[in-house]
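Let me begin by presenting the structure, written as structure tokens, before commenting on it.
Read-outs throughout are calculated quantities, based only on the coordinates presented, and are distinct from any laboratory measurement. Quick caveat: nothing in here was measured; it's all calculated off a predicted structure. Heads up, the Cβs are rebuilt from the backbone with ideal geometry, glycines too, and the neighbour counts pull from every protein chain shown.
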Amino acid sequence: MLRTGLFLSLVLTISYSDSILAQQYAEPLADTGCVQKDLKGLARQALNRPRKKNIQRSGSILLVPIIGSNPATGFMVGVGGQAAFKMTGSDAYSSFSGSAQFTTKSQMIFMLKNNIYTGGNRFYLEGDWRYLVFSQSTYGLGTTAPEGGLLDFQYHMFGIETTQDSLAQPMKFNFARIHQLISFRLYKGIMAGIGYEYDLYFNIRDEKLAIGPVDTLLTSHFVYNVVTGFDTERYRSSLVSFNVTYDTRDNIMNAYRGYYATVGYKIGPDFLGNQRTSSSFDFEWRSFHGLSRTNPRHLIGLWFMGHITRDGDLPYLILPATAYDQRNRNSRGYTQGRFRGARFLYGEAEYRFPISRCSGILGGVVFINATTTDNPLLDVKLFESVRPAYGAGLRVMIDKASRMNLAVDVAWGHKSFGFYLNVTESF
């Protein structure tokens, strides 16, 4: 399934100068002694506009029009942008991105995201702000869904042949999100943080739900929320989070080496507006392992993440699900929200390598991932079913200073296909 819109070929990149950037990008990148180049440099050469001497860049801004189409949104148009920069006194790159999209299915998507290191790396800000007028199918809880799930049983009761597509449960809703975390440096690479996470779903329309004297069809969303005592048309979660993070990556957007590990605890007391007190435990691990002493772009990246929530603590759409991370990148090969459960685990391994013999402009990736969730209503336990996916991708170096890549990926999962076009790596 297509998840991300296609970018127009027009790309406008604006760079600004600073004295922070060292000469690390002038070092030979491969055994041949070649130096990393980027798309902006090639465009500058084609336009016969040589770069001014003695100017070193510490950031870039990428603006792209968006045109695309997928089953969930129909035809879409919009604009997206990302800035990569270094704060004064910081040796780490920060990023700020946003997009606005409009679709032929009357959907609107607005997103702002920030990953910012302040001067001296004393503070780290991580934010995810969204507003959506949206539609999305759900398939039930657990990685066995919809096979053997609620709708499967009901459809066979009425003698109707089922397929995976026919078991999709389309929904429409409005969604608002404010997630903001601030972390404080404790020691080299170690930070402790506190944050606030607010998610609101309203105007929920469960399109397959039918409750009547003759035609009755209960959806997974309806049954779960009724059983656990949540409203079926509007609900929220309002959480305070506490995190400890270890981060030694050399670049947060495209790391060649280093580790990132974070553990967090979230609590949502009723006085913050929750229907009941909730709590959850989250963790994430990313590591990057070089395979060449002379070319850092030969590497293996590993990514593991998990969300553990108590049964019945959260409403259906707020439960952990595929592609619900900050950048909507996990579980490539499956559409957003395809697998959902109170306990959600994910792992991925990716091999990254250069393709261009000398310039380093083109690179590639191959990857494999796996997802598992549970469903307590049907007694489906974690690891009882694991859904793998695999894929490959092309990378185009847009800005060598910040290592900003244009990423094009294709992925295959269980009875599923995905095409992805993004700026920066998936993790």
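For region 210-343, the convex hull spanned by the alpha carbon atoms encloses 119 Å³ per residue. If the segment from Glu207 to Ala392 were pulled out straight at 0.36 nm per residue, it would be longer than the present Cα-Cα gap by 63.1 nm. In this simple spin-label model, placing a label point 7 Å from the Cα along the Cα-to-Cβ direction at both Asp311 and Thr248 gives a separation of 4.1 nm. Spin-label model, Ile194 to Tyr265: label points 7 Å out along the Cα-to-beta-carbon direction sit 1.4 nm apart. Between Glu233 and Arg257, the contour length at 0.36 nm per residue exceeds the Cα-Cα span by 4.1 nm. Each Cα pair under 8 Å and six or more residues apart adds its separation to the average, and for region 276-340 the resulting relative contact order is 27 percent. Three principal axis extents of region 170-216 based on alpha-carbon atoms, in descending order, are 65, 15, 14 Å. Among residues other than Gly413 with Cβ under 11 Å from its Cβ, the summed charge is +4 (Lys and Arg +1, Asp and Glu -1). Taking the Cα-to-Cβ direction at Val226 and at Phe75 and moving 7 Å from each Cα, how far apart do the two end points lie in nm? Those two pseudo-labels are separated by 4.0 nm.
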